[in-house]
Amino acid sequence: MAWLAAGEGYEITLEDGRVVARRVGGRQLKTLPKALRDSPKVDRLRQLAEWLDRHAASCVTQVDAWMVSSLPVPTELIARVWPDEAWQAALRDMAVVGDDPDEVGFLRDVTGDGELKVVDLDGETVRLSPRTVTLPHPVLLPDLDDVREFAADLGITQKVEQIHRATWTRPDGQDAGRPETAMEVRDYAGGKFASRFGLAARATGLGYPVSGGYATCKVRDGGRSTEASVWIGEPYWDGESETGGLSWHDEDGRAVRLTEVGPVAWSEGMRMAAALYAGRTIEEGGDA
């Protein structure tokens, strides 16, 4: 960003999200001069920095939503937003799939003609120009361990957690030790918290909405919307609380049998339940 005249013989700019100053044409100062601290121009620049932070966060949130739901994204849309640094940071190095679902590549750049430049699993840079691409949820990727190893070799780092996202695979009913009619998972039930407020705060801090007595997670899986929910206690209860069972419901609010839960909905629901449980109070001492 260019240096802007701020009066009093100073210039200002944004650096790493904060306002910095210098004497006109001089070196950057270590601190903001007192004469500029209440300057309207400095205030506007701070507001711009805050907006840029919100914009960057919204880009990451949108890309995460595309990935979690494995929604087809128009290639033209990616090409249009790519020049924006915030969008570019959120999208770069995401694993994408074009017309062939078995051909996975990491998005590295977009050409001036709107083609996506990706590095495939053979290490070759190829260009894709399908009408839409998918940013697949990792549980849907074949040979995920090999993809992760290749990503490590390339030094891939992702703004949106995709390749190294924790995943859970739904076992068959018998293998899971659950009847075919089971409607609830209790693997992460019983995690104790000092208060229901603390448990709810953990849920919202992790990005999971709280509705009534449940922490929730909505996923579009296999073309249908599914909501996973974990019981966290009555809304106005101020005593000790603990995590309850995990269940899934369809878009009409009907409970879904465990055997009918899709792979992405299962993985994301278990991820939520495990993340909540990880914050539980752990007893110490000989009687723990």
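Read-outs: derived from the displayed coordinates by stated rules, not from any lab. Remember, predicted model here, so these are calculated numbers, not experimental data. Virtual Cβ from ideal backbone geometry, glycine too; neighbours counted across all protein chains shown.
Find how much the distance from Ala2 to Thr111 grows on full extension, using 0.36 nm per residue of separation minus their present alpha carbon separation; answer in nm with one decimal. Extra length available between Ala2 and Thr111 comes to 36.6 nm. Between the helical axis of 263-277 and the longest alpha-carbon principal axis of the chain there is an angle of about 80 degrees. Could you pull out the longest piece of the chain with no exposed loop chymotrypsin sites (Phe, Trp or Tyr not before Pro) in it, calling a site exposed if DSSP puts it outside H, G, I, E, B and it has at most 16 other Cβ atoms within 10 Å? Counting only loop sites that pass the neighbour cut-off, the longest clear stretch is 4-235. Over the residues of the chain, the helix contribution to mean residue ellipticity at 222 nm works out to -9000 deg cm²/dmol, using -39500 (n - 2.57) for each DSSP H run of at least 4. Between Ala35 and Asp250, the contour length at 0.36 nm per residue exceeds the Cα-Cα span by 71.5 nm. What the Cα convex hull of the stretch 44-94 gives, in volume per residue, is 72 Å³. For Lys41, a cut-off of 25 angstrom between C-alpha atoms picks up these lysines, skipping any fewer than 8 places away in its own chain: Lys30. In plain terms, the bigger the Kirkwood radius, the slower the diffusion; for the chain, with that radius from Cα pairs, at 37 °C and 0.692 mPa s, Stokes-Einstein puts D at 147 µm²/s.
Here's the picture: charge each Lys and Arg Cβ at +1 and each Asp and Glu Cβ at -1 in the stretch 185-288, and of Tyr214, Ala273, Thr259 the one pushed furthest to the positive end of that dipole is Thr259.
List the pairs from Lys159/Lys192; Lys192/Lys218; Lys117/Lys159 whose alpha-carbon separation is above 29 Å, in the order I gave them.
Details: Lys159/Lys192 32 Å; Lys192/Lys218 24 Å; Lys117/Lys159 18 Å.
Cα-Cα > 29 Å for Lys159/Lys192; rest within.
Placing a label point 7 Å from the Cα of Asp238 along the Cα-to-Cβ direction, no residue of the stretch 244-287 has its backbone N under 19 Å from that point.
If you stretched the chain out fully between Leu14 and Thr259, how much longer would it get, using 0.36 nm times the residue separation minus the C-alpha to C-alpha distance?
On the way: separation 245, 0.36 × 245 = 88.20 nm, distance 5.30 nm.
Gain in length upon complete extension: 82.9 nm.
Check each of the trypsin sites (Lys or Arg not before Pro) in the stretch 208-288 and keep only those in coil by DSSP with at most 12 other C-beta atoms within 10 angstrom; list them in order. Present the calculation step by step, with values, prior to reporting the outcome.
Numbers: sites: Lys218, Arg220, Arg224, Arg254, Arg257, Arg271, Arg280; in loops: Arg254, Arg257, Arg280.
The qualifying sites are Arg254.
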